[in-house]
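Presented below is the structure to which this report refers.
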Amino acid sequence: MTSVFALECPPVATWCYMVSSPDTGTAYVIDAPYQSAQQVLAEAERLGVRITDILLTHTHWDHTADCQALQQATGARVVVHHADLYRLTDPMKHTIWPLPFTIEPVETVDCMTNDTTIITPVGGMPPLRVLHTPGHTEGGVCFVDDSTQRVFAGDTLFAGSVGRVDLPGGDEETLLRSIREVLFLLDDDFQVFPGHGPTTTIGHERITNPFVGEAAR
């Protein structure tokens with residue numbers, strides 16, 4: 001049995017998720033927004049688990065600002081798609097607009113490729129399927145836990161919306177195709193944990209989403 005600790009972080013209400021297992025005594029983190037590290041570390045200590053992996057859905061600054069701090073505190077493996085690596089290793093060059101804080105680069109990284117289909121957490125928790133869903137960024141991915149029917153979708157799919165495509169690396173046609181042809185292959189019961197906003201389900205978005213659902217046709 002695994003549990004999800006969800007933490008909504010400033011300045012743009014970005015979700016950080018920590019998935020933990022009392023059976024293995026370990027946890028992995030999905031995305032590391034600004035001001036998430038200390039709270040995630042405190043929750044891991046409260047639960048008595050060790051953070052072994054930081055899995056990034058993409059590398060826009062609001063999802064990675066605390067990645068270096070969390071990696072330094074835990075020694076966790078950082079995993080990112082190779083097409084998004086450049087923002088992680090030189091973050092301040094790619095923030096798009098000035099920020100009132102500095103994001104430290106992450107230099108020790110495990111890169112996924114387009115052929116990566118499975119990520120196995122270091123601590124022995126159930127493997128995650130990797131769905132490459134570009135369109136919001138070039139290397140955007142979703143992490144699928146088939147054992148619990150959860151999908152961590154980053155900024156690919158939201159409740160009633162989809163990710164922005166007007167930022168560098170974005171492409172509307174690519175994003176909509178990623179959702180319709182990749183993400184929507186999941187069963188209706190899968191719970192979607194997005195990068196922003198409330199949780200939803202694949203089935204609900206398949207029917208009602210005004211961009212990619214039946215409501216869009």
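Every read-out reported here was derived from the displayed coordinates using simple, explicitly stated rules and does not represent laboratory data. For clarity, every value in this text was computed on a predicted model and none was experimentally measured. Virtual Cβ from ideal backbone geometry, glycine too; neighbours counted across all protein chains shown.
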*the chain - mean residue ellipticity at 222 nm from DSSP helices (-39,500 (n - 2.57) per run, n ≥ 4, rounded to 500)*: -5500 deg cm²/dmol
*Give or take rounding to whole Å, what are the principal axis extents of the alpha carbon atoms in the chain, in descending order?*
48, 41, 31
*Work through the residues other than H60 whose Cβ is under 11 Å from its Cβ and net out their charges, Lys, Arg +1 and Asp, Glu -1.*
-2
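Could you tell me the relative contact order of segment 116-217? Use alpha-carbon pairs under 8 Å, at least six residues apart, and round to a whole percent.
Answer for segment 116-217 is 23 percent.
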*Rank-order 155-164, 15-24, 91-100 by packing density, defined as the average count of other C-beta atoms within 10 Å over each peptide's residues, highest first.*
155-164, 15-24, 91-100
*Can you tell me the relative contact order of the chain? Whole percent, Cα pairs under 8 Å, sequence separation 6 or more.*
14 percent
*If you count, for each residue, the other Cβ atoms within 10 Å and average over each peptide, how do 79-87, 34-42 line up from highest to lowest?*
79-87, 34-42
